[in-house]
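Below you'll find the structure, written out as structure tokens, and then a few comments.
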Amino acid sequence: MNWISLTTADVLAQFNDSELAAYDAAKGDVSSTSLPAIIALVVNQIYQAYDDGGRLVDSVDAGTVPPGEKNRAIAMVRWKYLLALPTGQALQTRERKLAHDDAEDYFRLIARRTIKHAGAVGIGRPGRCINTCSFDGLGQT
């Protein structure tokens, strides 16, 4: 699977006008957490979820997300960024929080192997049996 980079431009394209104004105001504030730092944090969380979920991830995938997960990643970045802004509390809406929570829940399910995804593999362990119809995260039936 060819994973893609998540850029600041990708995230800013989904900010509304108020969020963009807060982003512009925070650019010069050295005490604010930077948007690229939050993007890197979220991208690493997604990479780890897929790794935990049994996908054989390559080092070339590090720093990238699966193409179908871009909007979920942006929802997580956007919320975490709004929490980091000194003026972000005024911008925190229920809709943004729900989008973030849904995305985090989704990746939690990927990591727990509750949601099957392309590239998931059964990893055999000595002394354990893998049933190809269904197996849990440890390869036990």
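Numerical summary
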| item | result |
| --- | --- |
| Amide H partners (placed H, <5 Å) of residue 4, local residues excluded | 65 |
| Simple label model, 7 Å out from Cα along Cβ direction - residue 7 to residue 41, nm | 2.3 |
| Integer Hz, Karplus 6.51/-1.76/1.60 couplings in order for segment 19-29, x for Gly and Pro | 5, 5, 5, 5, 5, 4, 5, 7, 4, x, 7 |
| For residue 115, residues with placed amide H under 5 Å, excluding near neighbours | 110 |
| Separation in nanometres of the label points that stand 7 Å from Cα toward Cβ, at residue 97 and residue 70 | 2.9 |
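Just so you know, all these numbers are worked out from the coordinates, no wet-lab data involved. Nothing here was measured: the structure is a model prediction, and the numbers come from that model. We place every Cβ from the backbone using ideal geometry, glycine too, and count neighbours over all the protein chains shown.
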